[in-house]
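What follows is a short report on a single structure.
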């Protein structure tokens, strides 16, 4: 791995610990030296972000994360800041003990959690309770300290990872520090970028000067912003894919229209819609560029499949006889397919062979049904769930949610760093289906289409949310989407 890629590489906590150990075993860098470098990077980050801070409170646990905290506190004292240090127990291990001694030698004093109420309010709090090894809910003094930090009203700088957040999964099994910013060390951790990762605030990676040779192949990676290349001048509508969107049962015609229109805005040359007859007039009036057809069953769908190059299957499809018949017929055609919504629900009720090129786009509830587990279990380890699903169905899988994950059947995983809570509204998944289908039609392979599509969708949502997250509509993504897919400033 080269240095420019380190910022998007995501590692497990076990990988991070192994790199720490290799730094000592192969390069002879003592653990206390790494601790000193981490503290210096974190204190520099604190000064840069809060230059006017005069009083710092550092809350230290007993492990090496606490050792980092003791050294941040020492550096703050040396810089002339007022420091309150709350120690949650005696340090474990020689490095953490040495760090505490360094803080005391600089003139620092230790306070207990019970002393917190008599201390002056801090300008910044440093969270140094737990590092990457925590995989349970904080309890006892640690839980009380986390609750006190969150209630203090001061900005919080977390060291390596917010205490209470799983470094591997992004889950918070109990209370967790709600950090304003996180200084993470050596490598970026998976859990900082999915599920409850918002508790990390702004994340800065500090590699502590370690050489590239120490780093393993990462477990996953963050998406980079991307777009499609310029088209050749001799392009025509037939060279840019013919997407067939199938769905829109009684009362849900809007879902398939949103998927189809998103495919158009992403650059599909042609987009047809197979839907209920009742939807056709409104669809043709609102978006005449769509070729909407009323289909009453497989015989009416077959000619449309013969003309299509890609299928977007599921938005508003329903699970009754009409939807099931179209679902079966479309999958039998073997075309590259994006399967979403009721298309996934039907797959849960009826196992069957899938096309060779297929992208599944479940939310956690749909993923749980397909895996035979509950939604909570999916969210408890989103990385394991998305890999299991991709392997089981031999499909590219997009597990939607905060920090959407994209997995290939080979186990490669990408994480989306964009998106916002305003996108939790009806129709957003339908637009994503159309976007990915259009990218398949324009020559992307399944994994590339899913990665690029998820990124474009989330970035368009962020642009649209500039006017506010509440009230954000799926249709609001279409104009910024058009600019982003062309590489223009949105």
Expressed as a whole number of Å, what is the distance separating the alpha-carbon centroids of the stretch 447-462 and the stretch 247-316?
-> 22
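Let me have the 222 nm mean residue ellipticity of the chain computed from DSSP H runs of 4+ only, each contributing -39500 (n - 2.57), with the sum over all residues rounded to the nearest 500.
Values: 16 runs with 193 residues, N = 490.
Helix contribution divided over all residues of the chain: -12000 deg cm²/dmol.
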Mean Cβ-within-10 Å packing, highest first, puts peptides 266-276, 319-329, 229-239, 432-442 in the order 432-442, 266-276, 319-329, 229-239
Quick one: Cα centre-to-centre distance for the stretch 183-226 and the stretch 389-413, in angstrom?
-> 20
Exposure proxy check: 43, 185 ranked by fewest other beta carbons within 10 Å?
-> 43, 185
For the stretch 19-80 and the stretch 135-152, what is the separation of their C-alpha centers, rounded to whole Å?
-> 21
Packing-based exposure ordering (other Cβ within 10 Å, fewest first) of 447, 130 = 447, 130
Enter the angle in degrees (range 0 to 90, nearest 10) between the Cα long axis of helix 94-105 and the first principal axis of the Cα atoms of the chain, meaning the one along which they spread out most.
-> 60
Helix axis angle, 277-286 relative to the chain longest principal axis, alpha carbon, degrees = 70
Relative to the longest principal axis of the chain, what angle (0 to 90°, nearest 10) does the C-alpha long axis of helix 428-441 take?
-> 70
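Would you mind ranking 59, 485, 463 by Cβ crowding within 10 Å, fewest neighbours first? If you can, show how the numbers build up before the last one.
Values: 59 29, 485 24, 463 19.
Placing the least packed residue first, the sequence is 463, 485, 59.
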Considering only DSSP beta bridges where both residues belong to the stretch 237-485, give the percentage that are antiparallel (nearest 5).
-> 20
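For the chain, what's the relative contact order in percent, using C-alpha pairs closer than 8 Å and at least 6 residues apart? All intermediate terms of the calculation are to be shown ahead of the outcome.
Numbers: 1099 pairs, mean separation 61.2, N = 490.
About 12 percent, as a whole number.
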Could you sort 204-214, 359-369 so that the peptide with the highest average Cβ count within 10 Å comes first and the rest follow in order?
-> 359-369, 204-214
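Could you sort 29-36, 414-421 so that the peptide with the highest average Cβ count within 10 Å comes first and the rest follow in order? Working shown, then result.
Working: 29-36: 18.5, 414-421: 20.2.
Highest-to-lowest ranking by the protection proxy: 414-421, 29-36.
Where both residues lie in the chain, what percent of DSSP beta bridges are antiparallel, nearest 5?
Values: 8 of 57 bridges.
So the antiparallel bridges in the chain amount to around 15 percent.
Laboratory data are not the source of any read-out in this text; all were calculated from the coordinates shown. What you are looking at is a predicted structure, and each value in this text was computed from that prediction instead of being measured. Cβ: placed from backbone, ideal geometry, glycine included. Neighbour counts: every protein chain shown.
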